[in-house]
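Below is one structure, written out as structure tokens; comments come after it.
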Amino acid sequence: GQKTFTVEEAVEIIGFGRFHVLLFLVMGSTGVAEAMEIMLIAVVAPLIRCEWQLQDWQVALVTTMVFFGYMVFSIVLGLLADRYGRWKILLLSFLWASYFSLLTSFAPSYIWFVFLRAMVGGGVSGHAQGLIIKTEFLPTRYRGYLLPLSQVFWLAGSLLIIGLASVVNPTIGWRWLIRIASIPGIILILVFKFIPESARYNVSTGNVAAALATLQRIAKMNGATMPEGLLREPAKERRGRFKDLIHPKYLRTTLQIWIIWLGIAFAYYGVILASAELLERDLVCSSAAPLVKDPGNDSEESHSPCHCHLFGPAAYHTMIISTVGEIALNPLNMLSINVLGRRLSLCITMGCTALFFLLLNICISSTGVTWFLFMLRALVSANFNTIYIYTAEVYPTTTRALGMGTSGSLCRVGAMVAPFISQVLMSASFVGALCLFSSVCIVCAVSAFTLPIETRGRSLQV
């Protein structure tokens with residue numbers, strides 16, 4: 001007859017407080033490190049193209065291999081996180097990514113650069129565990145607001161690496177830019193000790209004492225009281241099994257989530273790389289008006305496929321403006337996913353993304369192109385916000401990290417293809433590349449609308 005409570009009940013009763021602010025700042029900052037490592041390729045691509053005399057496909061291969069490493073390690077680290085803990089895998093991933101990122105700055109050749117960046121991608125794939133830890137500690141009513149707000153950290157990382165590139169690249173070079181970009185990840189390694197392992201994970205492994213100690217610590221920091229009674233929840237003997245993701249209960253959801261993740265990543269990194277390509281090669285309106293050649297620049301180098309087109313101040317300025325777009329729709333996105341639900345919100349933003357890809361075909365001024373890129377970055381960012389939240393909420397604790405890992409892995413398939421569309425096909429057929437991006441977004445919009453489970457207001461499943 002003694003009272004008992006679950007982790008879910010304890011999290012809801014303790015509520016939001018100082019612990020969650022610390023959690024938000026530390027785990028959210030993983031987005032700064034991740035954004036700097038991922039966005040790094042876009043700002044160093046013109047420099048490595050020039051230094052090693054690379055063809056278009058070789059530049060595209062760099063980004064593809066980063067996401068190949070991400071894809072392979074994402075599944076492995078998700079599986080390990082469900083079995084051995086989110087916190088341990090998060091720490092391991094940061095150590096791995098920081099180590100190989102520093103090694104990249106000493107790469108003696110193109111082959112070594114590609115290999116080392118692939119290793120960095122593998123480490124960055126584990127950063128998703130920070131989102132899972134946040135999700136598993138947040139009360140239900142706050143998840144729909146605070147998780148999208150984490151996009152601020154990704155935005156900060158993106159702006160930071162672009163700002164640093166505008167100063168560092170022309171002066172001391174891209175190798176020092178990579179070394180500086182690894183600093184946030186190293187700092188985060190030192191502050192992870194302030195964040196405990198997920199109480200939901202500890203309970204799922206039968207370590208009730210550790211889960212109870214964590215909940216008591218949170219309650220003390222928040223100035224709240226613990227629920228009365230004993231923490232009771234049956235341990236889950238089977239955790240992190242791939243076949244649980246394709247169980248009839250979740251099969252349709254899993255398949256549609258994979259399609260959406262793949263399409264969102266394809267569109268997101270397509271926008272980023274297409275922006276860089278537009279600025280580097282001045283492809284805007286190229287189909288409408290032939291470029292006027294400068295008769296004074298008729299050197300052998302100008303006819304070379306490896307001719308250098310380095311970013312100037314105006315290009316960095318445009319990249320900064322378009323990147324700020326990633327936060328522009330955040331308030332509206334938060335309102336939408338909490339009022340309309342995750343599925344309908346994602347359907348709407350994916351449909352709008354498809355529309356703006358088509359609008360980019362219109363031959364307009366550079367200011368108009370910047371505005372279109374701004375809106376595209378806002379929309380693709382909103383897409384990622386929503387699918388991250390939905391995926392973290394729809395799966396039970398025993399397969400949540402694996403569900404995020406496999407989704408992240410499929411996501412990188414889209415990211416691996418995007419460079420060849422944005423950096424190779426776009427040079428051959430500007431309209432064809434943009435129409436392909438738009439078509440994929442329409443497929444994702446339909447898939448989002450028909451998802452079988454809505455997670456708005458639903459407690460996390462055990």
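The values are calculated or read from the model by the stated rules, or taken from the named source; none is laboratory data. If you're wondering where the values come from, they're calculated on a predicted model, not measured in any experiment. All Cβ positions, glycine included, derive from the backbone under ideal geometry; neighbour counts span all protein chains shown. When the accessible area is computed, the model is the full protein with side chains, heavy atoms only, and any ligands, DNA or RNA have been set aside. Shrake-Rupley method; radii C 1.70, N 1.55, O 1.52, S 1.80 Å.
From Ala265, Ala213, Ala274, grab the single residue that is part of a helix (DSSP H, G or I), within 22 Å of Ile14 (Cβ to Cβ) and not acidic (Asp, Glu).
Residue meeting the stated conditions: Ala213.
For segment 69-119, give me the residue count where each residue is open to solvent by 10 Å² or more (accessible area, probe 1.4 Å) and modelled with pLDDT under 90.
Matching residues across segment 69-119 total 10.
Could you figure out which of (1) touching a residue at least 40 places away in the same chain (Cβ under 8 Å); (2) within 22 Å of Val152 (Cα to Cα) isn't true of Leu25?
Evaluating Leu25 over (1) touching a residue at least 40 places away in the same chain (Cβ under 8 Å); (2) within 22 Å of Val152 (Cα to Cα) leaves (1) as the failure.
Would you mind finding the one in Ser101, Ser74, Ser105 that is farther than 20 Å from Asn169 by Cβ and among the hydroxyl-bearing types (Ser, Thr, Tyr)? Let's see the steps before the verdict.
Working: Ser101 fails: farther than 20 Å from Asn169 by Cβ; Ser105 fails: farther than 20 Å from Asn169 by Cβ.
After ruling out the rest, the residue left standing is Ser74.
Which residue, of Thr225, Thr253, is open to solvent by less than 50 Å² (accessible area, probe 1.4 Å), modelled with pLDDT of 80 or more and among the β-branched types (Val, Ile, Thr)?
Answer to the selection: Thr253.
Give Leu177, Leu138, Leu149, Leu188 a once-over and let me know the one that is open to solvent by 20 Å² or more (accessible area, probe 1.4 Å) and of a type outside the set (Gly, Ala, Ser). Steps first, please.
On the way: Leu177 fails: open to solvent by 20 Å² or more (accessible area, probe 1.4 Å); Leu138 fails: open to solvent by 20 Å² or more (accessible area, probe 1.4 Å); Leu188 fails: open to solvent by 20 Å² or more (accessible area, probe 1.4 Å).
Checking each option against the conditions leaves just Leu149.
Would you confirm whether or not segment 379-396 contains a residue that is among the polar types (S, T, N, Q) and surrounded by fewer than 24 Cβ atoms within 10 Å (Cβ to Cβ)?
Checked against the condition, which is being among the polar types (S, T, N, Q) and surrounded by fewer than 24 Cβ atoms within 10 Å (Cβ to Cβ), segment 379-396 yields no hits at all.
Kindly indicate whether Thr455 is over 23 Å from Ala382 (Cβ atoms) and open to solvent by less than 40 Å² (accessible area, probe 1.4 Å). Give the derivation first.
Numbers: over 23 Å from Ala382 (Cβ atoms): no; open to solvent by less than 40 Å² (accessible area, probe 1.4 Å): yes.
Taking the combined requirement at face value, the residue does not satisfy it.
Give the number of residues within segment 428-462 that are closer than 26 Å to Pro248 by Cα, polar (S, T, N, Q) and not in a loop (DSSP other than H, G, I, E, B).
Of the residues in that region, 1 qualify.
Which one of Arg18, Arg49 is of a type in the set (Lys, Arg) and crowded, with 18+ Cβ neighbours inside 10 Å?
None of the others qualify; the one that does is Arg49.
Determine, yes or no, whether Ser409 is free of Cβ contacts under 8 Å to residues at least 12 places away in the same chain and surrounded by fewer than 24 Cβ atoms within 10 Å (Cβ to Cβ). Let's see the steps before the verdict.
Details: free of Cβ contacts under 8 Å to residues at least 12 places away in the same chain: no; surrounded by fewer than 24 Cβ atoms within 10 Å (Cβ to Cβ): yes.
Taking the combined requirement at face value, the residue does not satisfy it.
Looking only at segment 351-375, count every residue that is open to solvent by 20 Å² or more (accessible area, probe 1.4 Å), in contact with a helix residue (DSSP H, G or I) (Cβ under 6 Å, 6 or more places away or on another chain) and among the polar types (S, T, N, Q) and tell me the total.
Count: 2.
Please verify whether Ser427 is without any contact (Cβ under 8 Å) to a residue 40 or more places away in the chain, surrounded by fewer than 20 Cβ atoms within 10 Å (Cβ to Cβ) and either farther than 30 Å from Ala315 by Cβ or outside the structural domain of Tyr201 (by the TED database) (or both), treating the condition exactly as stated.
no
Within segment 399-432, can you find the residues that are of a type in the set (Ser, Thr, Tyr) and closer than 30 Å to Glu136 by Cα?
Within segment 399-432, Thr399, Thr406, Ser407, Ser409 qualify.
Name the single residue, out of those in segment 401-443 being of a type in the set (S, T, N, Q) and over 19 Å from the mean Cα position of the chain (by Cα), that is modelled with the lowest pLDDT.
Step one: filter segment 401-443 for residues of a type in the set (S, T, N, Q), giving 406-407, 409, 422-423, 427, 429, 438-439.
Imposing the further condition that a residue be over 19 Å from the mean Cα position of the chain (by Cα) reduces the set to 423, 427, 429, 438-439.
Working: Gln423: 71, Ser427: 74, Ser429: 81, Ser438: 93, Ser439: 94.
Out of the qualifying residues, it is Gln423.
Which of the residues that make up segment 171-199 are over 24 Å from the mean Cα position of the chain (by Cα) and within 19 Å of Leu80 (Cα to Cα)?
If the condition is that a residue be over 24 Å from the mean Cα position of the chain (by Cα) and within 19 Å of Leu80 (Cα to Cα), then Ala199 is the only one that fits.
So how many residues does segment 56-68 have that are more than 16 Å from Tyr269 (Cα to Cα) and surrounded by 20 or more Cβ atoms within 10 Å (Cβ to Cβ)?
Qualifying residue count for the region: 1.
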